[in-house]
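Chemist: If you scroll down you'll find the structure; I have some questions about it.
The values are calculated or read from the model by the stated rules, or taken from the named source; none is laboratory data. No experiment lies behind these values; they were computed from the predicted model shown. Here Cβ is always computed from backbone atoms with ideal geometry, including for glycine, and neighbour counts include all displayed protein chains. Note: accessible area is taken over every heavy atom of the protein model, side chains too, but ligands, DNA and RNA are not part of it. Shrake-Rupley method; radii C 1.70, N 1.55, O 1.52, S 1.80 Å.
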Amino acid sequence: MAENSHGEGTGRGVTLWGRIAQFLGVRPGHLPWVTVTIIVACVLVGLAELFSQQVGTSLLFVPFLAESQPYRFLGSAFLHGGFWHLVFNMYALWLVGNALEPVIGRVRFAAIYLLSAVAGNVAVLITADPLAPSWGTATVGASGAVFGVFGALFVLMRHFGADSTSLMVVILANLGLGFIPGMNISWQSHVGGL
């Protein structure tokens, strides 16, 4: 079945990619390339970790290493604390990236994502106490960056008068998880990314 200009089937020859795109909710001609690239990069880093622990060790964000190894401010956003951490962050990124990137463009989306990743780790650094265990506590994950793009979507929705209640509930619920004792979730990174 071929697609017409609206992405609807016309009866013949839909490509495998076309079917996958339809299943994932991608509008024809609007693939969020930056979102896809970030997801692929995070999955590749996750796979590399399976073969070498040094990959993870070299990308962890640890406050006491921030000054001497500033690449960790961004590098840790591609590293995750396990399979489910990676899956949930990439699923959230896919949902918001698929909605936001085609609207604001690739460059703006990439800038928001990358700046939010760095800002999340800056918040971790600022709230860490050099005389306490927090100075040596490692953080990983794209959560700060994902919170940043969720925040950008929220601002955009508010600007255009759209109902953002459900998005606000998602943001607040996920922020709240970081404050539950024993969850090992960096609330600092989430708040900083926003």
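Chemist: Can you name the condition, by its number, that VAL62 falls short on among (1) of a type in the set (A, V, I, L, M); (2) under 19 Å from the mean Cα position of the chain (by Cα); (3) surrounded by 17 or more Cβ atoms within 10 Å (Cβ to Cβ)?
Modeler: (2)
Chemist: Quick check on my filter: what residues within the range 130-154 are more than 13 Å from ALA99 (Cβ to Cβ) and either surrounded by fewer than 21 Cβ atoms within 10 Å (Cβ to Cβ) or touching a strand residue (DSSP E or B) at 6+ places or on another chain (Cβ under 8 Å) (or both)?
Modeler: Within the range 130-154, PRO130, LEU131, ALA132, PRO133, SER134, TRP135, GLY136, THR137, ALA138, THR139, VAL140, GLY151 qualify.
Chemist: Follow-up question, since we're still on this one. For the list (1) open to solvent by 70 Å² or more (accessible area, probe 1.4 Å); (2) of a type outside the set (Gly, Ala, Ser); (3) part of a helix (DSSP H, G or I); (4) over 17 Å from ALA66 (Cβ atoms), I need the number of the one condition that ILE126 fails.
Modeler: Checking ILE126 against (1) open to solvent by 70 Å² or more (accessible area, probe 1.4 Å); (2) of a type outside the set (Gly, Ala, Ser); (3) part of a helix (DSSP H, G or I); (4) over 17 Å from ALA66 (Cβ atoms), the one that fails is (4).
Chemist: From the list GLY151, GLY161, GLY176, GLY144, pick out the single residue that is within 26 Å of LEU65 (Cα to Cα) and either assigned to a helix (DSSP H, G or I) or not basic (Lys, Arg) (or both).
Modeler: Within the list GLY151, GLY161, GLY176, GLY144, the selection yields GLY144.
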